[in-house]
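Below is one structure, written out as C-alpha cells, with a few remarks after it.
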Amino acid sequence: MSRHTQIRGLEGLSVGRNDAGYEDIRRAVVWNALTPARFPDVIVRATSAGDVVEAVRLARAQRLQVAIRSGGHNWSGSSLRDGGMLIDLSGLRGCAVDPASATATVQPGVTGGQLTAELGRHGLAFPTGHCGSVAVGGYLLSGGLGWNSGARGPACASVEGLEAVTADGEPVTCSASEHRDLFWAGRGAGPGFYAAVTAFRLRLYPSPGAITSTRWTFPLANVTEVTHWATELAAGLSPNVELSFSLGTVDLGPKPGPRGVTVTGTAFAASREEADAFLLPLRHCPLRQSSLSRRLDEPTTFKALYDSAAALWPPQLRYAADTLWSDAGFPTLLGELADAIDSAPSHRSLVLAPFSPAGRPPPDMAFSVLGQSYVVPYAVWDDPRQDAANTGWLREAMHRVEPFGTGHYIAEADLTAAPSRARRSFTADDWQRLRSLRTRYDPDGVFRSYLSPDEAVP
C-alpha cells in the first residue's frame, strides 16, 4: 500500500492510486456514468465522524487538499479532483428522529428516499430532493430545491444545526448561536464549503395526508400558449401546489414519442378533498382540445414520486446539466429552449422549469433566490461516442437563454462550462462574504474550493 493509505485510527477503508481496486472505487464515487478523468491521490471511505477527523488531520499534516463526497450525484463531479484526498461520507447513514420536538439528526450519506420513509413512520416529512437516491449531504449544503419548496422554502432553511470538522481537524457544532458564520455558509455554499459536515439537525413538518397530481401534455409547438396559460394560473394556486414545466420526449407508448411540453401540478395537502381543491384550477384548461394526454387528480405517494424520478435518471446513463435563474418569464425562456430541445441529439434530454422553486428564504444563509424564473436543461444519453455532441448541445441550449440570466444554482450548475458559474450562484455580497470566511476558517486551503480554478477562493 502507498504511504497515504496508512491512516492511524481510521476504521473505514482508504485506498491510494497504486492500490488494487482504486479505479473501481474512483468510478463509484460519481453516480453519473460520465466519470471525469480526475484522480485523487487517496480516497477515504469514512464510517464515523471520528474517521473524518482523522482523515482531515492527516490531510493537513501531509498538505493534501480535501474534497468531500456524500452521494456523488453532482453532475459536474465536483468531489472528484486531481491529487489530494477525497473523503467519502456515503457510509455515514445515521438518522435519529425526535417526534416530540419534530426534529431529526441526520448524517450526510442518508438518501432522500431513506429519510422520507423513516420520517413517514412518525407522521413527519421534510422537503427532500426530487430524486430519492440523492444523499442529503450535498443537497442541503447547496440549498436544496425539493418537494413542496414553494411552501417550505429551500431545504437548507429547515436546517437548524450542523456538526462539522474544520480545516484544523476539530469537530464543532454550528447553529444560529454557535459558529454562526460557518452555519451561514453551510446553508447554501455547496461544493465550495470549507468544512466537512458529519450531521445535520433538521426541523420537520407534518406528513401530508394526501398527495395528488394533475398533468397536461401538449405538442412542443404549443409552448407559447401553454406557458402563458400556466403562468397566469400559477398566481392563484396554493403554495402547497408544486407547479412545473418540462420539455422533452413524450411517453405515449413503447417507443419514444414526439417532443412536447408538460405542465404538472402536485398538491401536498391534509386530505384528498383538500388536495383536489388545490388542483381544481388545473382541471379547466382552455387548451384541452390540443392536448396529447391528460391525467387529472391522480393520488400518489412519495414512493411513487421517487419511482417516477428514478425512471428519468437511471444510474447507467451519461448526464450533463446547467441551471439559470432569470427575471424573464417562462414564455420567453421556454420558447428559446423548445427550439433547443427539438434538435437535441438524444431523445432522453429534457428541460425542467419549476415555478417558485424556493419560496422566500430567510436572509441568514448563503443560498439566495436569484430570479423570478428558474430552468434546468439536462443532456441525457448512453453512448460514450456521443459525449461531445450532447455536451455541445447543452452548451448551445444555455447560450440561447444566458442573455436573460441573473444567476445559477450551485447544486446543478455546470461548473466546468465557464468561470462565472460559481460566482454567479450567489449575490455579490454573499460571494465576498464566502471569500472572507474561507480566509478566516481555512487560510491554508485544506478544503477544495469550487471546481472551476478561476473561481477558487483563497
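Some values worked out for this structure:
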item: Segments 288-299, 380-391, 46-57 sorted - mean Cβ within 10 Å per residue, highest first; result: 46-57, 380-391, 288-299
item: Cα-centre dipole for the chain with unit charges at Cβ (Lys and Arg positive, Asp and Glu negative), debye to 20; result: 400 debye
item: Degrees, to the nearest 10: 272-283 long Cα axis against longest axis of the chain; result: 60 degrees
item: Net charge over other residues, Cβ less than 9 angstrom from the Cβ of residue 201 (K, R count +1; D, E count -1); result: -1
item: Selected from 240, 275, 415, residue furthest toward positive end of dipole (the chain; charges at beta carbon); result: 415
item: Efficiency of FRET between residue 288 and residue 19 - r from beta-carbon atoms, R0 45 angstrom, step 0.05; result: 0.15
item: Cβ-based net charge around residue 348, under 10 Å, with every Lys or Arg adding one and every Asp or Glu removing one; result: 0
item: Average Cα contact separation per residue, the range 210-407, under 8 Å, 6 or more apart, as relative contact order %; result: 27 percent
item: Within the chain, helix-based [θ] at 222 nm, where runs of 4 or more DSSP H residues each add -39,500 (n - 2.57), nearest 500; result: -8000 deg cm²/dmol
item: Most to least packed among 176-184, 394-402 [average Cβ atoms within 10 Å]; result: 394-402, 176-184
item: Dipole of the range 39-116 [Lys/Arg +1, Asp/Glu -1 at C-beta], most positive-end residue of 100, 61, 44; result: 61
item: On Cα atoms only, tilt of 223-234 relative to the major axis of the chain in degrees; result: 80 degrees
item: Spin-label model distance (nm) - residue 311 vs residue 176, 7 Å beyond Cα toward Cβ; result: 4.2 nm
item: Cβ-based net charge around residue 388, under 14 Å, with every Lys or Arg adding one and every Asp or Glu removing one; result: 0
item: Estimated translational D of the range 95-206 in µm²/s (Stokes, Kirkwood radius over Cα pairs; 37 °C; 0.692 mPa s); result: 238 µm²/s
item: Protection proxy ranking, peptides 231-244, 255-268, average beta carbon neighbours within 10 Å, highest first; result: 255-268, 231-244
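Every number in this text was worked out from the coordinates using simple rules, so none of it is lab data. Fair warning: this is a prediction, and the values are worked out from it, not measured in the lab. We place every Cβ from the backbone using ideal geometry, glycine too, and count neighbours over all the protein chains shown.
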